[in-house]
């Protein structure tokens, strides 16, 4: 009886102290991925990234593509961005299945975040870039972001390739987290084909090996 109680207590304390489960897929079209988990992953991604995409795309269009525009034209751009965000959200239900090397983050069997990583030659020379780092709003402030990045560092490391990620310059919370885990802000030496990709973002690097 005592042993059974100790086992239950051990499981309980493990679950309380380590509530996150990380499940990695080659891509989100994997047969073993349940449809409910896929939908939750898509919704989590939209919740995490659509607000920033809306904000910075509006800013990019006003400041870079169409500076000194009239108020009616600015309003037209806002409406255009909204249509784009909505269209992207709908298309994401299909296209997100092609996302490769994805780790879904679960708490109590529910997807509450994700990340993925792959070799990048767009803005770096062959680093392993960590993308789509996400924790849904209601689960923030519990240290899950730190656990996710630590997991990403361990899983995505490949020999002596540096790890990189991008972060919006205004996101001091994320920048401080990444800095505390060894990442440093570095110059962008390669300009991506899509100039919006790095708009208002820092590139951060965790040097690996020598």
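With the cut-off at 1.5 for a/c, could you classify region 20-206 from its C-alpha gyration tensor as rounded, prolate or oblate?
oblate
Please check which bits of region 111-132 a label hung off residue 39 would reach, taking the label as a point 7 Å along Cα-to-C-beta and the cut-off as backbone N under 19 Å.
111-114
On a C-alpha basis, how far is the centre of region 145-210 from the centre of region 85-142 in Å? Whole number, if you could?
Using only Cα atoms, the two centres lie 14 Å from each other.
Please determine, in degrees from 0 to 90 and to the nearest 10, the orientation of helix 144-156 with respect to the longest principal axis defined by the Cα atoms of the chain, where the helix direction is its Cα long axis.
90
Under 10 Å, Cα contacts only: if you run a Gaussian network model on the chain, which one of 181, 165, 28 comes out with the highest mean-square fluctuation?
Maximum among the listed residues: 181.
Give the shape of region 117-210 as rounded, prolate or oblate, defined through the alpha-carbon gyration tensor: a ≥ b ≥ c are the square roots of its eigenvalues, a/c under 1.5 means rounded, and otherwise the shape is prolate if a/b is larger than b/c and oblate if not.
Verdict is oblate for region 117-210.
For the chain, give the share of DSSP beta bridges that are antiparallel, in percent and rounded to the nearest 5; count only bridges with both residues there.
90
Only the coordinates and a few stated rules stand behind these numbers; no lab work does. Treat the numbers as computed from the prediction; the structure is a model and nothing was measured. As a convention, Cβ positions derive from the backbone with ideal geometry for all residues, glycine included, and neighbour counts pool all protein chains shown.
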